[in-house]
Structure formats: structure tokens, C-alpha cells
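What follows is a single structure, written as C-alpha cells, with notes after it.
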Amino acid sequence: MRPFVSAPFRPTSVPLTRVRRSTVRPTLLLAAVLALVGGLLLAHPGRAGAVADPLISQGRPATSSSVEDATFGPEKAVDGVATTRWASAEGSDPQWITVDLGPSAAVSRVRLVWEVAYARTYRVEISADNVAWTTLASESAGNGGTDDWTGLTGQGRYLRVYGTSRGTPYGYSLYELEVYGTSGGTPPPTGAFTVVAAGDIADRCTASSSSCAHPKTAALAQRLAPAFHLTMGDNQYDDAMLSDFRAYYDKTWGAFKARTRPVPGNHETYDPAGPLAGYKSYFGAIAYPQGKPYYSYDHGNWHFVALDSNSFDDPAQIQWLKDDLARTTKGCVAAYFHHPLYSSGGHGNDPVSRPVWRILHDAKADLVLNGHDHHYERFAPQDPDGRATADGIVEVVGGMGGASPYPIETVQPHSQKRISGPYGVLKLDLTDTTYTWQFVGVDNQVKDSAPTYRCH
């Protein structure tokens with residue numbers, strides 16, 4: 001990673017549609033600016049109003065093609081802090097950053113503040129669906145600094161800066177991506193928070209072994225500083241005995257046990273002392289807050305349901321789930337358990353989870369997180385019968401918490417991205433109305449960035 005370098009000072013002048021670097025003397029520059037502004041006010045009365053439109057991008061969900069590392073995420077370009085920045089992976093074209101402005105946004109101005117790593121050529125684009133894009137502005141000879149595009153007329157939900165060639169050997173990096181206009185009465189999302197999740201975590205090894213992965217995923221999970229952590233089962237290998245929890249898991253992920261919301265996997269059932277005995281003894285009330293290995297809780301506008309997929313044939317858990325979902329008043333619902341209904345890994349699809357999916361789908365749940373197969377995979381929204389549908393559930397398999405990776409075997413329908421090999425965690429960014437996530441590797445590199453979804 002390059003050391004932090006602040007952007008050099010660049011004097012500016014004002015052409016018709018954006019600010020660019022200039023060598024005009026200050027007195028002539030001031031006169032030109034005054035004349036131009038006066039001319040715009042007389043000849044284009046709508047232009048002055050456009051420039052004065054409010055900022056509509058700050059705090060909105062943002063995604064990117066890549067990041068240099070997890071500390072330079074796309075959200076840093078829209079956080080309103082002048083010293084934080086998004087930075088893409090180095091040495092690769094093209095790269096992009098997208099901000100979700102909310103439905104029916106009308107864009108009149110886009111201001112870009114580049115770090116030393118700037119775009120020589122790029123496009124500013126807008127889209128209603130994050131698929132088909134219309135160009136609002138384009139640059140063919142960028143020189144960094146600040147680009148201020150005004151007088152734009154664009155309508156859509158998503159605004160993207162699409163870099164096609166770099167101005168330096170590095171990547172692309174923006175301190176600020178500011179979009180001005182009107183948002184159609186849709187307020188910015190509130191209640192934003194981050195959750196870190198992983199499954200299939202602690203092998204019987206310690207940091208003294210260079211091949212031991214769970215100390216590395218634990219360090220990453222803690223470094224991302226989430227509101228809390230989720231685990232999707234198989235927390236401790238091989239038989240999840242209490243002695244092993246204390247000897248291995250506790251030395252790494254145990255550092256933030258009080259902020260962890262776990263569920264059991266099949267390895268927790270192998271304990272010679274009895275199914276889930278070591279798991280229950282180690283986590284205590286954290287894993288059994290309601291006296292059962294399944295429970296729920298709220299954070300912001302989200303309702304989280306933690307389930308024990310080892311006992312999906314237990315009528316008591318199924319009835320509890322129906323009653324719990326019927327009671328919640330939250331606008332977004334996420335469920336997590338060990339066995340995925342859909343997976344392209346060695347274990348494949350697990351039909352034991354289908355009845356639970358039906359209950360979740362009927363309750364308009366948004367997101368399901370699983371482990372079991374030791375890879376990363378995300379699916380497009382689908383229903384319990386595997387049909388793609390906009391009101392379906394988004395499933396993510398995140399079994400790369402530390403156990404040995406499994407290969408991808410049979411690619412399932414609606415699987416959008418599969419990664420096997422790198423260890424890492426899911427970094428979920430949630431608001432009162434939206435969710436997105438990244439798969440972050442232990443090398444701090446973002447391996448995959450998901451689209452931004454709206455809650456049902």
C-alpha cells in the first residue's frame with residue numbers, strides 16, 4: 001500500500017461546465033469568473049439554480065470495482081470527510097465507483113476531488129437500474145485536482161464514475177465524490193452500521209503455525225470495527241469440545257466474544273460430551289439468550305434471526321420462527337444458519353433448509369447468511385424453489401473463516417460470484433432501507449463487492 005499523500009495544490013479557473021487547472025493570472029482570472037457568472041445568470045437563469053442544488057450523495061450506499069485495501073472503501077468518498085478516500089486496486093483499468101442516490105434523483109452537478117492517483121480519462125454516468133448507463137460527462141485529458149461538472153441534466157438512481165485510464169502507475173483515488181441535485185423526496189438512509197460475518201472458523205492450530213488461518217481472520221474481523229460479529233457455524237473444529245474452544249477459538253475470535261452473535265454448525269454436534277455441549281458451555285447466554293440455540297435480536301431497522309440448522313426438523317424451532325417473524329416491526333430481516341439451501345461447493349444444496357426458506361420468504365425476509373461449504377458465494381434474489389425473482393431472498397455463503405477451503409464443484413443457477421482459496425470475512429454495510437457487502441481477504445484486499453439492495 002502506498003503511503004498517504006495529500007493532493008497537491010492546483011490553482012483553478014472556470015470554463016463553462018467544470019473547474020480545471022489554469023495558468024491565467026489571478027486578476028484576469030477573477031475578471032473572467034465574474035463575467036462568466038454574470039453571463040450565465042443572464043443567458044442561462046436555470047444554471048445558477050442548478051449549481052446551488054443540494055448535496056444528495058453524502059452518506060448514501062456506495063460500491064466499487066475494487067479497493068486498495070479495506071481501509072479505503074467506496075463509502076469513504078461519500079462520507080463528507082475531506083481527509084478520507086476511496087482507492088482502487090493499483091495498476092489495473094478500468095475501475096469504477098458507484099453511489100446509490102435513491103429513486104428518481106435528478107443530477108445537476110458532480111464534483112470530484114482526486115488524490116494523487118487520478119483518472120486521465122473517465123466518464124460520469126447515470127442509471128436507473130445499475131445496468132444500463134447514460135453518459136453525463138466525459139474527460140479525455142484529466143490532470144487530477146478537482147473536477148467540477150455543472151449544468152448537468154441527468155435522471156436516475158445510480159451515479160457512477162468510470163475510469164478508463166489512469167494518470168499515474170497507481171490506481172484511482174477520490175477524496176470526495178459529491179453529487180448535487182434533487183432526490184425526489186427520498187431522504188438519505190439513516191441508521192447505517194457495519195456487521196462482520198464468517199463461518200467455519202477455528203482449526204486446531206495457533207498463530208505459531210504460519211498456515212493457521214483463524215488468527216488472521218480474527219485480526220481482520222477486529223480491525224474492521226463492526227457494531228457486532230456473526231458466525232455461521234462450525235466455530236471450532238473438529239469436535240467442538242470445550243477444551244478446544246478454550247485452546248483455539250478463544251485465543252483469536254474469542255477476543256470479541258461479547259460482541260459475537262453465533263449459531264452452531266454440524267461440528268458442534270460431534271462433541272463427545274453431547275451435541276452442542278462445548279458450544280453452549282463456551283458461549284453461554286450469548287448463544288442461548290432465550291434458553292435455546294436459536295434466538296433473534298434487533299439493531300437499527302434490522303431484525304436478525306439466528307437459527308440452528310441442525311434441528312430444522314424440530315417443530316418447536318419452526319413454530320418459534322413463525323411467531324418471531326410475525327411479531328417483528330422492523331423494515332429489514334436477515335437470517336443466518338449453517339447449512340445453505342443453495343451452494344456450488346462440495347456439500348452442494350441442502351434441502352433441509354427449504355422449509356425455513358419458505359417461512360422467511362413468506363415473511364419478506366431479505367438476506368440469508370450461511371457457512372458449511374468452505375468458500376465464498378453470492379446469489380441473485382430467488383425463491384425457495386430456485387426461481388429468480390425480485391422479491392426473493394439474497395443468499396451469501398461465507399465459509400472462509402479459517403477452515404481449509406473447499407473447491408467449487410457444481411455451479412448452481414443464479415450464482416453470481418464464487419471464490420475458493422482466500423480466507424476472509426464478510427463486511428456487511430446496512431442502513432435502515434438498504435444492504436450491501438464485501439468479501440474482504442486477510443490480505444486486506446476486497447475480493448468481491450455486492451450490489452446495493454433495498455429491503456422488501
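The values are calculated or read from the model by the stated rules, or taken from the named source; none is laboratory data. Since we're looking at a predicted model, the values are computed, not measured. Note that we place each Cβ from the backbone using ideal geometry, even for glycine, and neighbour counts take in every protein chain shown. Areas reflect the complete protein model, heavy atoms only, side chains present, ligands, DNA and RNA absent. Shrake-Rupley method; radii C 1.70, N 1.55, O 1.52, S 1.80 Å.
Below is a table of values for the structure above.
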item: Residue list for the range 386-414, restricted to those being touching a Lys or Arg at 6+ places or on another chain (Cβ under 8 Å) and either open to solvent by 20 Å² or more (accessible area, probe 1.4 Å) or aromatic (F, W, Y) (or both); result: D391, I408, V411
item: Which listed residue is in contact (Cβ under 8 Å) with a residue 24 or more places away in the chain and either of a type in the set (S, T, Y) or closer than 24 Å to G392 by Cβ (or both), from Y249, Y295, Y288; result: Y249
item: Test result for D271, open to solvent by 10 Å² or more (accessible area, probe 1.4 Å), part of a loop (DSSP other than H, G, I, E, B) and in contact (Cβ under 8 Å) with a residue 12 or more places away in the chain; result: yes
item: Among residues of the range 167-193, those that are modelled with pLDDT under 95, open to solvent by 30 Å² or more (accessible area, probe 1.4 Å) and part of a strand (DSSP E or B), counted; result: 1
item: Candidate set from the range 148-166 (those that are part of a strand (DSSP E or B) and either among the β-branched types (V, I, T) or out of contact with any strand residue (DSSP E or B) (no Cβ under 7 Å at 6 or more places or on another chain) (or both)); member that is most open to solvent (accessible area, probe 1.4 Å); result: T164
item: Conditions (1) assigned to a strand (DSSP E or B); (2) more than 22 Å from the chain's Cα centre (by Cα): number failed by V397; result: (2)
item: A255 being part of a loop (DSSP other than H, G, I, E, B) and either in contact (Cβ under 8 Å) with a residue 40 or more places away in the chain or under 27 Å from the mean Cα position of the chain (by Cα) (or both); result: no
item: Residue match in the range 348-367 (condition: open to solvent by less than 30 Å² (accessible area, probe 1.4 Å), in contact (Cβ under 8 Å) with a residue 12 or more places away in the chain, under 19 Å from D448 (Cα atoms) and not hydroxyl-bearing (S, T, Y)); result: yes
item: Residue in the range 310-338 that is most open to solvent (accessible area, probe 1.4 Å), counting only those that are within 18 Å of V397 (Cα to Cα) and touching a helix residue (DSSP H, G or I) at 6+ places or on another chain (Cβ under 6 Å); result: N310
item: In the range 138-147, the residues that are under 21 Å from A52 (Cα atoms) and buried (at least 20 other Cβ atoms within 10 Å of the Cβ); result: D147
item: Count of residues meeting criterion [open to solvent by less than 10 Å² (accessible area, probe 1.4 Å) and assigned to a strand (DSSP E or B)] in the range 109-124; result: 6
